[in-house]
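Here is the structure we will look at.
Derivation of every value follows stated rules applied to the coordinates shown; laboratory data play no part. Bear in mind the structure is a predicted one, so any value in this text is a computation, not a measurement. When we count neighbours, we look across all protein chains shown, and the Cβ atoms used for this are built from the backbone with ideal geometry, even at glycine.
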Number of protein chains: 2
Amino acid sequence: MAETRWLDDHEQRAWRAYLRMNTVLGAALARQLQSESMLSMPDFEVLVHLTDADDARIRVSELARVMRWEKSRLSHHLSRMEKRGLVGREECASDGRGAFIVLTDDGRAAIDAAAPSHVDAVRRYFFDAVTSDDVKSLAAIADRVIARVEATDTCPSV
Amino acid sequence: MAETRWLDDHEQRAWRAYLRMNTVLGAALARQLQSESMLSMPDFEVLVHLTDADDARIRVSELARVMRWEKSRLSHHLSRMEKRGLVGREECASDGRGAFIVLTDDGRAAIDAAAPSHVDAVRRYFFDAVTSDDVKSLAAIADRVIARVEATDTCPSV
DNA sequence: CTAACCTTGGTGACGTGTCAACTATTCCGG
DNA sequence: CCGGAATAGTTGACACGTCACCAAGGTTAG
């Protein structure tokens, strides 16, 4: 690794601002969701994907695939959500190894109650603070960075 | 909460891209740091701030303040780092409650070894993927979002 | 001086995330 | 049909973060 190219002042400042935005924005959204709906952000994501599924039921592996979560992480998280009554597990008739995750009535109620105020918070904290050109820029930046990371990093197919 | 203003397609796409960039970029940088230096990102942050401090020693509360970490989080993390020999704890003569955190030789060696390749990874994964205008845009976006969140959210002084 | 209060820092419990190892089932070549 | 490989999903150990609480030392009003 010859001659590290350190970050210049502009880069340093941008990088720190980006990291800090992640921190404070994530924390603010998590707090809002938690306090109004008793859901964490991961809970919310799982419920969203479950709502999207036909008949509000989905195989664990399929859920892991669309969420891009490790199966282990998903399994742990589903266990916790099941304990709280947000989702249920059902056996799969056609594959003895498989399991379906189903949205319970409580889970449905939770996501219905949480979604509007969560979107509102995203708008208040993020979209209301930036211009529509900013939104375009950010999408472009994110797309390029994602492509770069996924091209360079291992596991290109996940 | 009257009439939720849902995200339109552009916003939806930008928001998802932003979230995904956070995920993959954070994961890639964490993996790189871990595999080359046996340090986590939080480890790295702590060591950076410790290196910045006069005499590589700093009071716990001061460290928490500059890092904007909860004292509890910092205390837990320092315990783990101390167990690995990266930092040490010393009593404070002038305040019986206080404690100094000191950078050990191992800690110094770890950060010295980690920093160049970490910066390199930030460059490869992020700065090489975007233009210098993008960097300006992102800094501006982040500054505005941070200001917005901190103005709206509780705990303005943290 | 001393009682109320504040500050410093740590602890335990619990939710979350990753890794490696495991069980049970299905698939597939012979 | 059988035995090994692949797949589905779970589990346990451990790192990380937050919350609520606590212990011990300082600070200050009376």
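Coupling constants for the stretch B:11-22 follow from the phi torsions by the Karplus curve (6.51 cos²θ - 1.76 cosθ + 1.60, θ = phi - 60°), and in residue order they are 5, 4, 5, 5, 5, 5, 5, 4, 4, 5, 4, 3 Hz; glycine and proline get x.
How well do other chains shield peptide A:10-17, expressed as the mean number of their Cβ atoms within 10 Å of each residue Cβ? Before the final figure, lay out the partial values.
Working: counts 4, 8, 1, 4, 14, 9, 2, 9.
Rounded to a whole number, the mean comes out at 6.
Mind checking the stretch B:1-96 for chymotrypsin sites (Phe, Trp or Tyr not before Pro) that DSSP puts in a loop (not H, G, I, E or B) and that have at most 15 other Cβ atoms within 10 Å? Before the final figure, lay out the partial values.
Numbers: sites: B:TRP6, B:TRP15, B:TYR18, B:PHE44, B:TRP69; in loops: B:TRP6, B:TRP69.
Hits after loop and neighbour filter: B:TRP6.
Residue and whole-Å distance for the chain B Cβ lying nearest the axis of the B-onto-A rotation are B:SER137, 2. Residue by residue along A:129-138, Cβ atoms of other protein chains within 10 Å of the local Cβ number 6 on average. Tell me whether the stretch A:36-94 comes out rounded, prolate or oblate; compute the Cα gyration tensor, take square roots of the eigenvalues as a ≥ b ≥ c, and use a/c under 1.5 as the rounded threshold. Rounded, since a/c falls under 1.5.
Each copy carries a label point for B:ARG16 at 7 Å from Cα toward Cβ; from one copy, the others' points are 3.5 nm away, ordered from shortest. Is chain A best put as rounded, prolate or oblate by its Cα gyration tensor, with a ≥ b ≥ c the root eigenvalues, rounded for a/c under 1.5, and otherwise prolate when a/b is larger than b/c, oblate when not? Oblate is the answer for chain A, as a/c is 1.5 or above yet b/c matches or exceeds a/b. Only helical runs count toward this figure. For the protein assembly as shown, summing -39,500 (n - 2.57) over DSSP H runs of n ≥ 4 and dividing by all residues gives -22000 deg cm²/dmol at 222 nm. Each copy carries a label point for A:SER75 at 7 Å from Cα along the beta-carbon vector; from one copy to the others these points are 3.5 nm apart, nearest first. Applying the criteria of a DSSP loop state and at most 12 other Cβ atoms within 10 Å to the GluC sites (Glu not before Pro) of the stretch B:1-99 yields B:GLU3, B:GLU70.
What the phi angles of the stretch B:72-83 give under the Karplus curve with 6.51, -1.76 and 1.60, with θ = phi - 60°, is a coupling list of 5, 4, 4, 4, 4, 5, 4, 4, 5, 5, 5, 4 Hz, glycine and proline written as x. The trypsin sites (Lys or Arg not before Pro) of the stretch B:63-158 that DSSP puts in a loop, and whose beta carbon has at most 16 other beta carbons within 10 Å, are B:ARG68, B:ARG84, B:ARG97.
Taking every residue in B:24-32, how many Cβ atoms of other protein chains lie within 10 Å of its Cβ, on average?
Counting other chains' Cβ atoms within 10 Å and averaging over B:24-32 gives 4.
Cross-link candidates for B:LYS71: which lysines have Cα within less than 19 Å, leaving aside residues fewer than 8 places away along the same chain? By straight Cα distance, B:LYS71 reaches B:LYS83.
Classify the stretch B:72-149 from the C-alpha gyration tensor, please: rounded if a/c falls under 1.5, else prolate or oblate depending on whether a/b exceeds b/c. Oblate, because a/c is 1.5 or more while a/b does not exceed b/c. Taking label positions 7 Å along the Cα-Cβ direction at both B:LYS83 and A:ASP105, the computed distance is 4.5 nm, reported to one decimal.
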